Amino acid sequence: MSDAFNIIWLRNDLRLHDNPAFELANQAGLPVTVVFIVPHCWISTEHNDATQPPPFSYREPTLQAFNQQRLGNAKARFLRASLIDLQRQLYRQNIQFQMVYGDPVTLFGQWQTLGLQQVFTQQAQAPEEQYWLNALAAAGIRLTQYNNQTLFSLEQLQAMTLNTTAEGWPASFSGFRRRVEKQLHTESEVCPAAPMPPVALQLDEFELPRQPSIPWPTDFSGSGSSSTHTSGASTSATSTSATNTSGQSSALPALRFQLAGGEDNGLARLSAYLWQHQGLQHYKHSRNELCGDNVSSLFSAYLAWGCVSARRVWHDIEHYEQQLGKNEHSQWLKSELLWREYFHWCLRFSGRRYFVYQGLMNKPMPATHFNPKLWQAWQQARTGVPAIDAGLRELINSGYCSNRMRQWLASYFIHELQLDWRLGAQFFETHLLDFDVAINWGNWAYLAGVGNDPQGQNGNGRWFSLNKQLQQYDPQLSHLKQWLPQLACYSLADIQAHSRGDHTLAGYPSAVVAVR
């Protein structure tokens, strides 16, 4: 067939290094095009019918009615920058990178009529992706899949004598880590493979017919208008103001999490954190701080979108250890990569169970009672608990908040507001620019007591005493006052008393649910 061509379908692997798709395409020999698809359901809720949820959705039908978008403004900003960076790199090879908006199954069906022969893409992680891949295979499209998301291959896990079934997979991270770390010290063949260097495409390009442009937001700050457009918006917008909880306009800092997306910037961040900022001299101690420059690695967004591979991060840490020696900080960061690894394989083995209300528990869980007022207060960062409102404002405006803050927010949502934990997971999915489906949903289930490694098997999960946490991690109220400047005149004791409901701060609403 004279018009025969192949497609490289990139999803969460927006990079050239450590990406087998390009070498596989070279070996196939046919003209190629590289695509990234933003599905309708990421942006437009009009395509989501609450009464007829899509069969491939990993979300429960009971949650479809809330119509939460999956691509909040700050998250869209980082993704768009990552795509533009990749587009620039492929342009140097005279290969067009097509960024398309639509339903993947429908689009590939159209391209099949034009002569599409084979699709190179990464293996599915969530049930939604598996639905797409199954549909393509059923349509007679040849799929070549590869795993470039994890540190280890399935074969390496099996070589470590790990049981790679849903029933036999380690129920706790500690069990997984002990097995892996023991093997890493004794068996070189189970160590993460060295990341592959970039492979240039040595093929003619195939230009697809023009498709609808992606309706990117016009305001990438997260706090402004949610309207969208399809061309030319600046990716450097910052949030300078927002409406405070009493309805007054108050100044907010510029985006706290100003990471530029893309492979080039991801690799630059990796190098700068390890060597220039000497992050592995303090990571274990600083990672729980709520704000500050370089208190954490900030690798998560690059890992989530695949701008940098987990194997590249692992091997760069090991290179650092070879040069300057191992320490508790380098080992802690490698342990965080193993946490990521654990959750990724948990999702692959658990499938749809990962997203149901009872999670991985084998018994029914008591239902939550949905309170629309509490849900609205959460969405608007108007809970009346200053530490929570500050964290929500940071998340919504910047697309980021620290790991410690994420735990506070989830604990409050689950245990104080007593809302469905999956609704909170979806809220994070909308806004986090480093959203990773396995890590996000796995951590929410963990805190709800229905996931892997739960705190107790009675479904209570993990609860945080917010006033105690605030005193420990933000005693000077640096983070709180950054995002709630109208409270700058109050002391820690004032904030704690207001959060408990002992007395109300002037001009600030009472807590919808008081905390201890």
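The values are calculated or read from the model by the stated rules, or taken from the named source; none is laboratory data. Just so we're clear, the structure is a prediction, and the values are computed from it rather than from any experiment. All Cβ positions, even for glycine, are placed from backbone atoms using ideal geometry, and neighbour counts span all protein chains on display.
State the number of residues belonging to segment 331-380 that are charged (D, E, K, R) and under 27 Å from Gly279 (Cβ atoms). Total meeting the criteria: 4. Would you mind stating whether Leu395 is more than 30 Å from Ala166 (Cβ to Cβ), in a helix (DSSP H, G or I) and not assigned by TED's automatic domain parsing to the domain that holds Gln69? Spelling it out, Leu395 is indeed more than 30 Å from Ala166 (Cβ to Cβ), in a helix (DSSP H, G or I) and not assigned by TED's automatic domain parsing to the domain that holds Gln69. The C-beta contact set for segment 150-175 (first residue in contact (Cβ under 8 Å) with a residue 24 or more places away in the chain, second residue among the hydroxyl-bearing types (Ser, Thr, Tyr) and in a loop (DSSP other than H, G, I, E, B), distance under 6 angstrom, 6+ apart or interchain) comprises Leu157/Thr164. Here are some residues: Ala410, Ala445, Ala390, Ala381. Which one is in contact with an Asp or Glu (Cβ under 7 Å, 6 or more places away or on another chain) and closer than 28 Å to Ser296 by Cβ? Among Ala410, Ala445, Ala390, Ala381, only Ala381 is in contact with an Asp or Glu (Cβ under 7 Å, 6 or more places away or on another chain) and closer than 28 Å to Ser296 by Cβ. Scanning segment 376-392 for residues that are over 22 Å from Arg516 (Cβ atoms) and not in a loop (DSSP other than H, G, I, E, B) returns Gln376, Gln379.
Restricting attention to strands (runs of 3 or more DSSP E) lying wholly within segment 93-197, give those where 2 or more residues are of a type in the set (Val, Ile, Thr).
Details: elements: 97-101, 116-122, 142-146.
The qualifying strands (runs of 3 or more DSSP E) are 116-122.
Out of curiosity, is Gly461 among the small types (Gly, Ala, Ser), closer than 20 Å to Phe413 by Cβ and touching a residue at least 24 places away in the same chain (Cβ under 8 Å)? Judged against the criteria, Gly461 is a match. What residue, among those in segment 349-380 that are small (Gly, Ala, Ser) and surrounded by fewer than 18 Cβ atoms within 10 Å (Cβ to Cβ), is nearest to Glu167 (Cα to Cα)? Result: Gly351.
How many residues does segment 64-102 contain that are more than 18 Å from Thr33 (Cβ to Cβ) and over 21 Å from the mean Cα position of the chain (by Cα)?
Within segment 64-102, the subset more than 18 Å from Thr33 (Cβ to Cβ) is 64-82, 85.
So of that shortlist, the ones also over 21 Å from the mean Cα position of the chain (by Cα) come out as 65.
Counting residues in segment 64-102 that are more than 18 Å from Thr33 (Cβ to Cβ) and over 21 Å from the mean Cα position of the chain (by Cα) gives 1.
Checked across segment 354-366, the condition of being outside the structural domain of Gly451 (by TED's automatic domain parsing), over 18 Å from Ser309 (Cβ atoms), assigned to a helix (DSSP H, G or I) and out of contact with any Pro (no Cβ under 6 Å at 6 or more places or on another chain) holds for at least one residue. Beta carbons closer than 9 Å, at least 6 apart along the sequence or on distinct chains, pair a first residue in segment 313-330 that is under 10 Å from Leu274 (Cβ atoms) with a second that is modelled with pLDDT of 95 or more and of a type in the set (Val, Ile, Thr) for Ser330/Ile317.
Determine, yes or no, whether Ala301 is in contact with a Ser or Thr (Cβ under 7 Å, 6 or more places away or on another chain), of a type in the set (Gly, Ala, Ser) and touching a residue at least 24 places away in the same chain (Cβ under 8 Å). So that I can check it myself, show each step before the final result.
Values: in contact with a Ser or Thr (Cβ under 7 Å, 6 or more places away or on another chain): no; of a type in the set (Gly, Ala, Ser): yes; touching a residue at least 24 places away in the same chain (Cβ under 8 Å): yes.
In short, no.
Applying the criterion of being within 14 Å of Asn6 (Cβ to Cβ) and of a type in the set (Ser, Thr, Tyr) to the residues of segment 103-145, the residue that is farthest from the chain's Cα centre (by Cα) is Thr144.
May I ask you to verify whether Phe343 is touching a residue at least 40 places away in the same chain (Cβ under 8 Å), crowded, with 22+ Cβ neighbours inside 10 Å and not assigned by TED's automatic domain parsing to the domain that holds Ser465? Yes: the conditions hold for Phe343.
Only a single item in (1) surrounded by fewer than 22 Cβ atoms within 10 Å (Cβ to Cβ); (2) over 19 Å from Leu303 (Cβ atoms) is not met by Asn403, and it is number (2).
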